[in-house]
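To start, the structure itself, in structure tokens.
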């Protein structure tokens, strides 16, 4: 009996197709940027430093500083600090790298328009909105919520408001090319919702296991979308 290789060939073709359509952003147009994005760089460094602390301190550190909806619901005053600390924590290397890459590419342009102080406030508010959006649908969850994805979703929404015609340089299986920012951000949203790698919430007590907090991403994105109209500097749009 001859072995049927058709299934194997179809599998290989599928892997090749996925590789060709994967989008890895490496930069955007910064020619109009007028300032040094010190807050964006500072947030990236803080996220990296906190993640290294997570690796060193382990699960006890995560349980203490991540946002746990059930604990917050029972003791909102005592757990209030975790609303902020959780957004600088991550569930693994891929979670951290993916989020920081998008913050580095898109955050500097948004900060340039808002100004550093307003951008810092905007970033934190987007993260807070994301956290409370997730809390609203899972108020009694014992799962630690952590990550910058909610805040970064707000940054991406603001980028679309400020630079709707923006283009991003990306690497794909077909080589380097420029794509509309709307399309690249769309890839990020799909990646967040379906990969489970870059989510804001972990689904176990281990840092490397991830799940997707759908409402946090939605809340952060639409929160950032609305806030952008209040924070933007119209003279630079």
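Suppose we filter region 142-182 for residues that are over 14 Å from the mean Cα position of the chain (by Cα), in contact (Cβ under 8 Å) with a residue 24 or more places away in the chain and in a helix (DSSP H, G or I); how many remain?
Looking only at that region, the number is 4.
Looking at (1) more than 19 Å from residue 131 (Cα to Cα); (2) loosely packed, with under 15 Cβ neighbours inside 10 Å; (3) modelled with pLDDT under 95, find the lone condition where residue 64 falls short.
Residue 64 satisfies all of (1) more than 19 Å from residue 131 (Cα to Cα); (2) loosely packed, with under 15 Cβ neighbours inside 10 Å; (3) modelled with pLDDT under 95 except (1).
Looking at this structure, is residue 45 out of contact with any helix residue (DSSP H, G or I) (no Cβ under 6 Å at 6 or more places or on another chain), surrounded by 10 or more Cβ atoms within 10 Å (Cβ to Cβ), modelled with pLDDT of 95 or more and more than 26 Å from residue 185 (Cα to Cα)?
Values: out of contact with any helix residue (DSSP H, G or I) (no Cβ under 6 Å at 6 or more places or on another chain): yes; surrounded by 10 or more Cβ atoms within 10 Å (Cβ to Cβ): yes; modelled with pLDDT of 95 or more: yes; more than 26 Å from residue 185 (Cα to Cα): no.
No.
Let's see how each residue does on (1) under 22 Å from the mean Cα position of the chain (by Cα); (2) assigned to a loop (DSSP other than H, G, I, E, B); (3) closer than 18 Å to residue 95 by Cα; (4) touching a residue at least 24 places away in the same chain (Cβ under 8 Å):
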{"site": "39", "(1), (2), (3), (4)": "yes, no, no, yes"}
{"site": "43", "(1), (2), (3), (4)": "yes, no, yes, yes"}
{"site": "48", "(1), (2), (3), (4)": "yes, no, yes, yes"}
{"site": "73", "(1), (2), (3), (4)": "no, no, no, yes"}
{"site": "78", "(1), (2), (3), (4)": "no, yes, no, no"}
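Inspect all residues belonging to region 104-114 and state whether any of them is surrounded by fewer than 24 Cβ atoms within 10 Å (Cβ to Cβ) and closer than 12 Å to residue 223 by Cβ.
No, because not a single residue in region 104-114 is surrounded by fewer than 24 Cβ atoms within 10 Å (Cβ to Cβ) and closer than 12 Å to residue 223 by Cβ.
Do we find a residue being modelled with pLDDT of 65 or more, in a helix (DSSP H, G or I), over 20 Å from residue 24 (Cα atoms) and under 12 Å from the mean Cα position of the chain (by Cα) anywhere in region 188-202?
No, region 188-202 contains no residue that is modelled with pLDDT of 65 or more, in a helix (DSSP H, G or I), over 20 Å from residue 24 (Cα atoms) and under 12 Å from the mean Cα position of the chain (by Cα).
Assuming residue 72 fulfils every condition listed in (1) buried (at least 21 other Cβ atoms within 10 Å of the Cβ); (2) within 30 Å of residue 106 (Cα to Cα) apart from one, which condition is it?
(2)
The values are calculated or read from the model by the stated rules, or taken from the named source; none is laboratory data. Since this is a predicted model, take the numbers as computed values, not measurements. When we count neighbours, we look across all protein chains shown, and the Cβ atoms used for this are built from the backbone with ideal geometry, even at glycine.
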